[in-house]
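The values are calculated or read from the model by the stated rules, or taken from the named source; none is laboratory data. Note that the coordinates shown come from a computational prediction; the quantities given were computed from them, not determined experimentally. Neighbour counts run over all protein chains shown; Cβ positions are idealised from the backbone, glycine included. Heads up: the accessible areas ignore ligands, DNA and RNA and are worked out on the full protein's heavy atoms, side chains in. Shrake-Rupley method; radii C 1.70, N 1.55, O 1.52, S 1.80 Å.
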Amino acid sequence: MGTVVRQTLYAPDDHTADWVSAEVMELLNRLEEQELSWRLETSEICAANKTAGNGEGYLLSSDMTGVIVECMNLSKRAEGAFDITLGPVVRLWNIDGWAAGEQTGAYTMPEPSILRQALESCGYEKLELKPEVLGEKGEILQARIFLPAGMQLDLGAAGKGYALDKLRDSLKESEIGGAVISLGGSVLTYGGKPDGTDWKVGILNPLDTAEYIGILSLKGQWCVSTSGDYERYVEADGARCHHIIDPATGMPADSGVHSVTILTREGLLSDALSTACFVLGAEKGMKLAQEYGAEALFVTFEGEILMTEGMESCFSPAGH
């Protein structure tokens, strides 16, 4: 998934810890290879992208149907600030590739005319889901997805959170008593420590990533996701271009915030919401988070920390 995986496991013995740790990595690799990657030929997303414009669509698995449905619902509620159809625009910027050192030399921003053309191929409202299997309450359990010509799905803003949900379910079937698993900016806490103390999850200072602005103290199972302009970026024409794209403009989002941290029980929601709220900015983002019952923390351009009441109850500023 192009990120660093860190695991802290509390197990009855070393053998169990080693086995579960290996299972975690195997699960992440399987999700990347079979479901999430737009690069790998073996994945559902890659297969769906290949059907763009052919009129036949692609039959999604039940799991991926659930992911797409939840992402589309969030897109609607966020008024388009979150959009998984931005593949063509993301490829043009290729900020992840440059930040990872895959290319060298001076970075060149996409030509405005080419960027506008790519943006015309995007838009969640152009995505069509045809239900194939419905649940007892009429919910979509499996669907065929239809992408118009030129559209490409990219789950970069939700995939790690979805993986956290899968890891949580896997840990429930193990003998692990407690765990903290970090996938870059998304963190899962599960169970508890043997000594009963809280889990501690640090929130980086976006202005100085060698420091924390504070610590979250959590008990039990939670998902914490942070989106920030400091995570992956390139320098171009004296400006910092980060990887979080505003679907309305096709440009790196400029909403007055450096970072957004979301706290929820569900990983997919925390990951996707952190991106949506970053694009929306503090005022609209705070409202959206509260609509979902999520806790949120924003760091503004002025260095001000704004947070929901629930987030404040578990947040300790650095140095306290």
| request: Return the total of residues in region 177-201 being more than 25 Å from the chain's Cα centre (by Cα) and closer than 22 Å to Leu269 by Cβ. | output: 0
| Out of region 193-212, which residues are open to solvent by 50 Å² or more (accessible area, probe 1.4 Å) and free of Cβ contacts under 8 Å to residues at least 60 places away in the same chain? | Asp195, Thr197, Lys200, Leu204, Asp208, Thr209, Ala210
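Of the residues Glu102, Glu70, which is among the charged types (D, E, K, R) and either over 30 Å from Gly293 (Cα atoms) or not in a helix (DSSP H, G or I) (or both)? Even if it seems obvious, please write down each step before you answer.
Values: Glu70 fails: either over 30 Å from Gly293 (Cα atoms) or not in a helix (DSSP H, G or I) (or both).
It is Glu102.
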| field | Test: residue in region 74-92 that is open to solvent by less than 40 Å² (accessible area, probe 1.4 Å), in a loop (DSSP other than H, G, I, E, B), modelled with pLDDT under 95 and touching a helix residue (DSSP H, G or I) at 6+ places or on another chain (Cβ under 9 Å) | value | no
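Within region 126-163, count every residue that is assigned to a helix (DSSP H, G or I) and either closer than 30 Å to Asn29 by Cβ or in contact with an Asp or Glu (Cβ under 9 Å, 6 or more places away or on another chain) (or both).
Of region 126-163, the ones assigned to a helix (DSSP H, G or I) are 126, 159-163.
Still in the list and also either closer than 30 Å to Asn29 by Cβ or in contact with an Asp or Glu (Cβ under 9 Å, 6 or more places away or on another chain) (or both): 159-163.
Qualifying residue count for the region: 5.
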| request: Tell me, please, whether a residue that is closer than 30 Å to Gly281 by Cα, assigned to a helix (DSSP H, G or I) and either in contact with a Gly (Cβ under 6 Å, 6 or more places away or on another chain) or open to solvent by less than 40 Å² (accessible area, probe 1.4 Å) (or both) can be found in region 30-41. | output: yes
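When you scan region 213-320 for strands (runs of 3 or more DSSP E) that lie fully inside it, which ones turn up with 2 or more residues that are free of Cβ contacts under 8 Å to residues at least 60 places away in the same chain and more than 19 Å from the chain's Cα centre (by Cα)? If you could, list the steps in order and put the result at the bottom.
Values: elements: 222-228, 233-236, 239-242, 257-264, 295-300, 305-307, 315-317.
Result: 239-242, 305-307.
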| note | The residue that is farthest from Thr85 (Cα to Cα), considering only those in region 222-253 that are modelled with pLDDT of 95 or more and surrounded by fewer than 19 Cβ atoms within 10 Å (Cβ to Cβ), is Thr249
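Being within 20 Å of Met151 (Cβ to Cβ) and hydrophobic (A, V, I, L, M, F, W, C) is the filter; apply it to region 96-128 and report the residue that is most open to solvent (accessible area, probe 1.4 Å).
Here is the first cut: in region 96-128, the residues within 20 Å of Met151 (Cβ to Cβ) are 96, 110, 113-128.
Cutting the leftovers down to hydrophobic (A, V, I, L, M, F, W, C) gives us 114-115, 118-119, 122, 127.
Values: Ile114: 82, Leu115: 13, Ala118: 13, Leu119: 40, Cys122: 9, Leu127: 14 Å².
Top of the filtered list is Ile114.
Identify, from the list Glu102, Glu26, Glu44, Glu56, the residue that is under 18 Å from the mean Cα position of the chain (by Cα) and either modelled with pLDDT of 95 or more or farther than 22 Å from Ala276 by Cβ (or both). Break it down stepwise before answering.
Details: Glu102 fails: under 18 Å from the mean Cα position of the chain (by Cα); Glu26 fails: under 18 Å from the mean Cα position of the chain (by Cα); Glu56 fails: under 18 Å from the mean Cα position of the chain (by Cα).
Of Glu102, Glu26, Glu44, Glu56, the one residue that is under 18 Å from the mean Cα position of the chain (by Cα) and either modelled with pLDDT of 95 or more or farther than 22 Å from Ala276 by Cβ (or both) is Glu44.
Just the residues that are among the aliphatic types (A, V, I, L, M) and open to solvent by 10 Å² or more (accessible area, probe 1.4 Å), please, taken from region 275-311.
Taking region 275-311 as the starting set, the residues that turn out to be among the aliphatic types (A, V, I, L, M) are 276, 279-280, 282, 286, 288-289, 294, 296-297, 299, 305-307, 311.
Answer for region 275-311, where residues must be among the aliphatic types (A, V, I, L, M) and open to solvent by 10 Å² or more (accessible area, probe 1.4 Å): Val279, Leu280, Ala282, Met286, Ile305, Leu306, Met307.
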